[in-house]
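The next block holds one structure in the form of structure tokens; read it before the comments.
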Amino acid sequence: MFWDEKIETMPRDDLETLQIARLQTTVSRAANAPFYKQLFAGAGFEPAAIKSLDDIRRIPFTTKDDLRTSWPYGLLAAAKDELVRMHSSSGTTGRSTVIFHTAADIDAWTDTLTRSMYMAGMRKADVFQNMMTYGLFTGGLGFHYGAERLGALTIPVGAGNSKRQIQLMRDFETTAVHIIPSYALHLTGVFDEMGLDPRRDTRLRIAFLGAEPHSEKTRHRIEEFYGLKAFNSYGLSEMNGPGVGFECQCQAGLHVWEDNFLMEIIDPDTLEPVDDGVEGELVMTTLKRAGMPILRYRTKDLTRIIAQPCACGRTHRRIERITGRTDDMLIIKGVNIFPIQIEKKLMETDGVGTDFQIILERKGYNDHMIVRVEVAREFFSGDLKQLELLRKKITEELRSDILITPRVDLVEPNTLPKTEGKAVRVIDNRTD
Ligand code: AMP
Ligand code: ZN
């Protein structure tokens, strides 16, 4: 049942004692980094002040901008010759940030992934196809070493080249994949095109879905089409990458590996902690990383803590699937909208295909939202009455949820631009 039972089911008191000890070590170590040396001095903070977990609130937050301005080595807490690996964020919002790891850091990271995959039910006998980009992005190598440590045959295919992915799945009888959810949806069309049905023609049984927000409905679509169980995998490069939060077989929230990370949820406006169960911004501190510890990192990801114990027996608390990022929020005609709301509505609607895009335009003082949606090809043949009915239905569904009326454009499958990495959902053409 467990990869590391002692750690995974550690009684909460013991886990918190371990967290305090690791937090003290981490904070003292962080004081070696030029960035934290200055931050601590500015705040009049001494590492010895950490006596309890709450004392972390004496330390100011670290933001992505801090990481950027400290580029490249300002957060290094170890000598350069202790480092063995560098990774970076995918840099979708400005210059990417870099993270450095010692050998022990890589070892601890790998361990979180092995645990996570084992928790979801992957075993040595599985054939694991890692369909994430290798290289600086953490989704490739992170999962790769975790799967190897688990003992599964690992196929490091990387992203893209859909037909080849399917061929590999068939030839080597792949049973588990790591895949971006928008790409998993896109690939359904390629299976169709090739006249293949993954339920019949592959042995897939597990998918790890990570790297981008997706709704429960998208998970169900993927599970249905491929005939497998899909598990949500959350992580960010600043906290190593994947292996931060991961679903167990209960599929009811993501366990955060609290022996490696300390989590807080704050109100992004007041920066004060919120109660368990209340949604806010996730703030994370590394507890085991020696090369580049990061304290109170504002992830910008919105979620809530599920404090109730999980039926699987693991004591590490869960978070709910990410509902958006504070910087993802669109403000249109004064209404706050998260792209995931639109994804959810679309995926619930029959006839909607596997991809969509939101385009924002400004005409005079008015903002307009255009939602381009791929729909099944049959809507485009014969008379277009059904297409128009579907367009009206989608417009109405969206309006009832987001409270503004977008212009909905329906397009044929495979018309919207595809990326190999995270899907680009919003094109903002508004200029001030
Ligand atoms: P990067 O550092 O480039 O790997 O990007 C990390 C970001 O990707 C996170 O802060 C999240 O916004 C997003 N992300 C990663 N995994 C998930 C997931 N399972 N659900 C929602 N968002 C995710
Ligand atoms: Zn669980």
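What's the total number of residues in the range 248-257 that are surrounded by fewer than 20 Cβ atoms within 10 Å (Cβ to Cβ) and either within 14 Å of GLY235 (Cα to Cα) or more than 15 Å from ligand 2 (Cβ to nearest atom) (or both)?
Result for the range 248-257: 0.
Please specify each residue of the range 292-307 satisfying the condition of being within 10 Å of ligand 1 (Cβ to nearest atom), free of Cβ contacts under 8 Å to residues at least 40 places away in the same chain and either aliphatic (A, V, I, L, M) or open to solvent by 10 Å² or more (accessible area, probe 1.4 Å) (or both).
If the condition is that a residue be within 10 Å of ligand 1 (Cβ to nearest atom), free of Cβ contacts under 8 Å to residues at least 40 places away in the same chain and either aliphatic (A, V, I, L, M) or open to solvent by 10 Å² or more (accessible area, probe 1.4 Å) (or both), then LEU302 is the only one that fits.
Restricting attention to the range 94-112, does a residue exist that is away from ligand 2 (no atom under 16 Å from the Cβ), among the hydroxyl-bearing types (Ser, Thr, Tyr) and open to solvent by 20 Å² or more (accessible area, probe 1.4 Å)?
yes
Considering each of PHE143, PHE172, PHE100 in turn, give the residue that is outside the structural domain of LEU416 (by TED's automatic domain parsing), closer than 23 Å to LYS229 by Cβ, among the aromatic types (Phe, Trp, Tyr) and over 18 Å from the mean Cα position of the chain (by Cα).
It is PHE172.
Can LYS51 be described as under 18 Å from ARG289 (Cα atoms) and away from ligand 2 (no atom under 16 Å from the Cβ)?
Against the criterion (under 18 Å from ARG289 (Cα atoms) and away from ligand 2 (no atom under 16 Å from the Cβ)), LYS51 does not qualify.
From the list ALA207, ALA230, pick out the single residue that is under 16 Å from the mean Cα position of the chain (by Cα), within 16 Å of ligand 2 (Cβ to nearest atom) and closer than 20 Å to HIS144 by Cβ.
Only one candidate qualifies: ALA230.
Considering PRO417, PRO413, which residue is away from ligand 2 (no atom under 16 Å from the Cβ) and surrounded by 13 or more Cβ atoms within 10 Å (Cβ to Cβ)?
PRO413
Go over the candidates LEU168, LEU136, LEU113 one by one and state the one that is without any contact (Cβ under 8 Å) to a residue 60 or more places away in the chain and assigned to a helix (DSSP H, G or I).
Testing whether each residue is without any contact (Cβ under 8 Å) to a residue 60 or more places away in the chain and assigned to a helix (DSSP H, G or I) leaves just LEU168.
Considering only the range 230-257, how many residues are among the hydrophobic types (A, V, I, L, M, F, W, C), within 11 Å of ligand 1 (Cβ to nearest atom), assigned to a strand (DSSP E or B) and within 13 Å of ASP301 (Cβ to Cβ)?
3
Can you work out which of the residues in the range 1-33 that are within 29 Å of ASP66 (Cβ to Cβ) and in contact with a Phe, Trp or Tyr (Cβ under 8 Å, 6 or more places away or on another chain) is surrounded by the most Cβ atoms within 10 Å (Cβ to Cβ)?
Checked the range 1-33; the qualifying residue surrounded by the most Cβ atoms within 10 Å (Cβ to Cβ) is ALA30.
Would you kindly identify the helices (runs of 4 or more DSSP H) lying entirely within the range 1-95 that contain at least 2 residues that are over 27 Å from LEU136 (Cβ atoms)?
5-8, 12-30, 34-43
Can GLY241 be described as on the phi > 0 side of the Ramachandran plot and in the same structural domain as ALA108 (by TED's automatic domain parsing)?
In short, yes.
Go over the candidates ARG372, ARG391 one by one and state the one that is at pLDDT 95 or above, among the basic types (Lys, Arg) and part of a strand (DSSP E or B).
ARG372
Please go through the range 308-365 and give me each residue that is of a type in the set (Phe, Trp, Tyr) and open to solvent by 20 Å² or more (accessible area, probe 1.4 Å), ordered by number.
Across the range 308-365, the qualifying residues are PHE338, TYR365.
Go through (1) open to solvent by less than 60 Å² (accessible area, probe 1.4 Å); (2) part of a helix (DSSP H, G or I) for ASP192 and report which single condition fails.
(1)
Within the range 258-282, track down each residue that is open to solvent by less than 20 Å² (accessible area, probe 1.4 Å) and in a loop (DSSP other than H, G, I, E, B).
GLU258, ASP259, ASN260, listed by residue number.
The values are calculated or read from the model by the stated rules, or taken from the named source; none is laboratory data. Please read these numbers as outputs of a predicted model, since none were measured by experiment. Every residue, glycine among them, receives a Cβ derived from its backbone with ideal geometry; neighbour counts consider all protein chains shown. For the accessible areas, the whole protein counts, side chains as well, though only heavy atoms, and no ligand, DNA or RNA atoms are used. Shrake-Rupley method; radii C 1.70, N 1.55, O 1.52, S 1.80 Å.
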